[in-house]
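The values are calculated or read from the model by the stated rules, or taken from the named source; none is laboratory data. Quick caveat, the model's predicted, so the values are computed rather than measured. In this analysis, Cβ positions are derived from the backbone assuming ideal geometry, glycine residues included, and neighbour counts consider all displayed protein chains.
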Amino acid sequence: MSDFNLKSSAPMPSCRIEGNRPVRSGHIFRSIRTLVGLLAFSGVLFSIPVPVAANTAPGAVEVPVTSYIVKETGSQNLLMAKDIDRPVSPASLTKILTCLMAIESGRMDDEVVISKEATLVEPTKAGLRPGDRVILRDLVKAAMVNSSNDAAFAIGIHLGGSVESFVASMNSRARWLGMGSSRFTNPAGFDTGAYAGNVTTARDLMLLTEHAVRYPEFNAIARLDRAVFRELSTGRTYSLKTHNKMLSLYPYTVGIKTGFTNRAGKCLIARAVRERKDLLMVMLGAKADRWTTASNMFDRGFGLNPGEGLAMQAQVRRDSVFEREPSARQVMLERERALSAIRQKIARQENSAGAKRRVAVSPGRKTASAARVKLSKSARTHEKKLAKTQDRKNLKKSRVALKSKRATADRVALKKGKKSRTALSQKKKGSVVTKVNRQKVRKEVRIFVKPAESAASNI
């Protein structure tokens, strides 16, 4: 339209007179062309999108928080949100994942020996000492309620064997939960020095919290205003107070956790319930009083102050990330796995207690299989030596017995031989006597015959 031209072979006639100046029709067409061009240019200007502050409503002011989410628990709808995918340091909100892993382990009744490494951390600390013996459940209370860094490290070392191994498990668990923008470097939430790079997002923390509140034990611990427990060896009592002022300032609050570092700023994950409406809020990097800001945000979520000036979406929108939440069946399967782990632990404890009772009743009686299992290598070697010695003794005895038997047989045979020689000797003697007698008889016969013969010759 801006290139529109009219051409004519004849001069334009005058149309009318304004004063003494003639106005020709060509001027009219040029004016129309200018007007059309202006309108076209205005259309281009109005077609350019104008940036509008996110999540704002008419007359509303921006919430002084770096990033946040407010939503109804279990719902896929966000009530308020800002920069939910912005990577930030979560500070001590990291301990929610640490404590969740302790609860899911099914080992909350474990007796934990506090290592020296767990005590070499910065405040806030519960004041645990190396060698102290504390139940794992009490360490979870200290980490959640008082945000004790030594308790968080003690949990990680006990469950993972080392801080590094436990951190690897934390990151694996976070990926399973769908926390794709999170990376954890320690179980307490430090974000400087050797532990730099501990980051997450408001979106990921909301996923983590919605999973954690499915566990009744987590909810019971998250709403405590004080954690009291004893050290098992000395009986020393620990009484640790919460840092979460929302529990006393906002009447509908039911937990959950605070956090602060110089890098992260003031952080808060809170939960409030009113008239069957259950709201969760993640607040990262609050630039004003976080307790007042959180209270106003909850009021707006409950519809208690619709006319006030907090920025809120005019219409509730559906966020695709929460469509990836586990189904009710998956939740039930997870609960069944947790209950199964608890049952197995109880069964192991009962079996162990039964075995101890059996040993106490009859300590001398052991099964053959248990004896074989506990038989050491040296004992087996000794047993072989005894067997060889016994074999040698048996062989020696058999040889002695054989020799004795042979000697007896020889003696018997010798005795029999002696008797036979005696009989032979007697037989020979008898035969000699008989021969002598025969000779005597013959001699007497000869003597008797000879006189008779001589007498006969004289007649």
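Let's see how each residue does on (1) of a type in the set (Lys, Arg); (2) assigned by TED's automatic domain parsing to the domain that holds GLU117; (3) closer than 22 Å to THR258 by Cα; (4) surrounded by fewer than 18 Cβ atoms within 10 Å (Cβ to Cβ):
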residue: GLY161; (1), (2), (3), (4): no, yes, no, yes
residue: GLU164; (1), (2), (3), (4): no, yes, no, yes
residue: VAL167; (1), (2), (3), (4): no, yes, yes, no
residue: ARG175; (1), (2), (3), (4): yes, yes, no, yes
residue: THR185; (1), (2), (3), (4): no, yes, yes, no
residue: ASP191; (1), (2), (3), (4): no, yes, yes, no
residue: ALA194; (1), (2), (3), (4): no, yes, no, yes
residue: VAL199; (1), (2), (3), (4): no, yes, yes, no
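Before we move on, is ILE69 more than 24 Å from the chain's Cα centre (by Cα), of a type in the set (Val, Ile, Thr) and either at pLDDT 50 or above or closer than 30 Å to ASN296 by Cβ (or both)?
Against the criterion (more than 24 Å from the chain's Cα centre (by Cα), of a type in the set (Val, Ile, Thr) and either at pLDDT 50 or above or closer than 30 Å to ASN296 by Cβ (or both)), ILE69 qualifies.
Contact list please: Cβ distance under 6 Å, first residue in region 252-280 and at positive phi, second residue small (Gly, Ala, Ser) and not in a strand (DSSP E or B), pairs at least six apart or on different chains.
If the second residue must be small (Gly, Ala, Ser) and not in a strand (DSSP E or B), the pairs left are GLY255/ALA222.
One residue is enough: does region 166-173 have a residue meeting the conditions in contact (Cβ under 8 Å) with a residue 24 or more places away in the chain and touching a Phe, Trp or Tyr at 6+ places or on another chain (Cβ under 6 Å)?
yes
So which residues in region 82-100 are outside any helix (DSSP H, G or I) and closer than 13 Å to PRO187 by Cβ, if there are any at all?
Of everything in region 82-100, just one residue is outside any helix (DSSP H, G or I) and closer than 13 Å to PRO187 by Cβ, namely PRO90.
Looking for something crowded, with 21+ Cβ neighbours inside 10 Å and in a loop (DSSP other than H, G, I, E, B) - is there at least one such residue anywhere in region 297-306?
No: zero hits.
So is SER248 small (Gly, Ala, Ser), out of contact with any strand residue (DSSP E or B) (no Cβ under 9 Å at 6 or more places or on another chain) and without any contact (Cβ under 8 Å) to a residue 24 or more places away in the chain or not?
It is true that SER248 is small (Gly, Ala, Ser), out of contact with any strand residue (DSSP E or B) (no Cβ under 9 Å at 6 or more places or on another chain) and without any contact (Cβ under 8 Å) to a residue 24 or more places away in the chain.
Could you list, in sequence order, all residues of region 102-119 that are touching a residue at least 24 places away in the same chain (Cβ under 8 Å), within 16 Å of GLY156 (Cβ to Cβ) and outside any strand (DSSP E or B)?
ALA102, ILE103, GLU104, SER105, ARG107, MET108, ASP110, ILE114, SER115, GLU117, ALA118, THR119
Among the residues of region 194-229, what is the count of those that are over 19 Å from THR98 (Cβ atoms) and either free of Cβ contacts under 8 Å to residues at least 12 places away in the same chain or of a type in the set (Val, Ile, Thr) (or both)?
The qualifying residues number 1.
When GLU122 is evaluated against the numbered criteria (1) part of a helix (DSSP H, G or I); (2) modelled with pLDDT under 95, which criterion, by number, is the only one it fails?
Here GLU122 meets the rest and fails (1).
For region 142-159, give me each residue that is surrounded by fewer than 24 Cβ atoms within 10 Å (Cβ to Cβ) and in contact (Cβ under 8 Å) with a residue 60 or more places away in the chain.
ASN146, the sole residue that qualifies.
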